[in-house]
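The values are calculated or read from the model by the stated rules, or taken from the named source; none is laboratory data. Computed from a predicted model, the values in this text were never measured in an experiment. Here the Cβ positions follow ideal geometry from the backbone for every residue, glycine too, while neighbour counts run over all protein chains shown. Ligands, DNA and RNA are excluded from the accessible area calculation, which covers all protein heavy atoms including side chains. Shrake-Rupley method; radii C 1.70, N 1.55, O 1.52, S 1.80 Å.
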Amino acid sequence: MNVMLLDDDPFVLSMLKAAFEKHGHKVIPYSNPDRCPAYCSLLCPCTLLKNGCPDAILSDVNMPLVNGVKFIQELKRKGCTCSKIGLMSGDWSEVDIQTAVRLDATIFFKPFDLKSLLSWITPDVRHAV
């Protein structure tokens, strides 16, 4: 599975990338949405990625330059068809939760359980951490 991963915390980004790759996933990591080629695109952002649309997008919400919920909203507005969207935060606002629900995103609270993230990525596989 191709997973686009966004988090401004280098430890979280590195840890999740390593865990997902350990379980056979290809990870496209970004430290902030503005680093992603899809951020400035006017078209469906998936066409700009080397391997096309990711199978899943997992994004932190509270990042310094771009809010993850707003980033996903923008991707959807541009025509992104990725159906497995996850958003994670330790400081959810009510507005962000409501918007994430409207986007049909899975909500994760930090600190998160790594097994729950791995199960979300591949629900039919038993994961050892």
Sole miss for residue 2 among (1) among the polar types (S, T, N, Q); (2) farther than 24 Å from residue 116 by Cβ; (3) touching a Pro at 6+ places or on another chain (Cβ under 7 Å) is condition (2)
Residue pairs meeting the criteria (Cβ under 7 Å; at least 6 apart or on separate chains; first more than 19 Å from residue 15 (Cα to Cα), in the range 28-42; second open to solvent by 50 Å² or more (accessible area, probe 1.4 Å))
34/65; 37/48; 38/48; 41/48
Give me the pairs: first residue in the range 110-124 and on the phi < 0 side of the Ramachandran plot, second residue open to solvent by 90 Å² or more (accessible area, probe 1.4 Å) and not polar (S, T, N, Q), beta-carbon distance under 8 Å, and six or more apart or on different chains, which are they?
114/129; 115/129; 118/129
Selection over the range 82-109 where residues are touching a strand residue (DSSP E or B) at 6+ places or on another chain (Cβ under 8 Å) and over 11 Å from residue 61 (Cβ atoms) yields a count of 7
Return the pair list, or none, for Cβ contacts closer than 7 Å from residues in the range 1-23 that are closer than 12 Å to residue 58 by Cβ to residues that are assigned to a helix (DSSP H, G or I) and β-branched (Val, Ile, Thr), at least 6 apart or on different chains.
1/121; 3/121; 20/121
With the range 1-110 as the region, which helices (runs of 4 or more DSSP H) entirely inside it contain at least 2 residues that are in contact with an Asp or Glu (Cβ under 8 Å, 6 or more places away or on another chain), under 23 Å from residue 123 (Cα atoms) and open to solvent by less than 50 Å² (accessible area, probe 1.4 Å)?
10-22
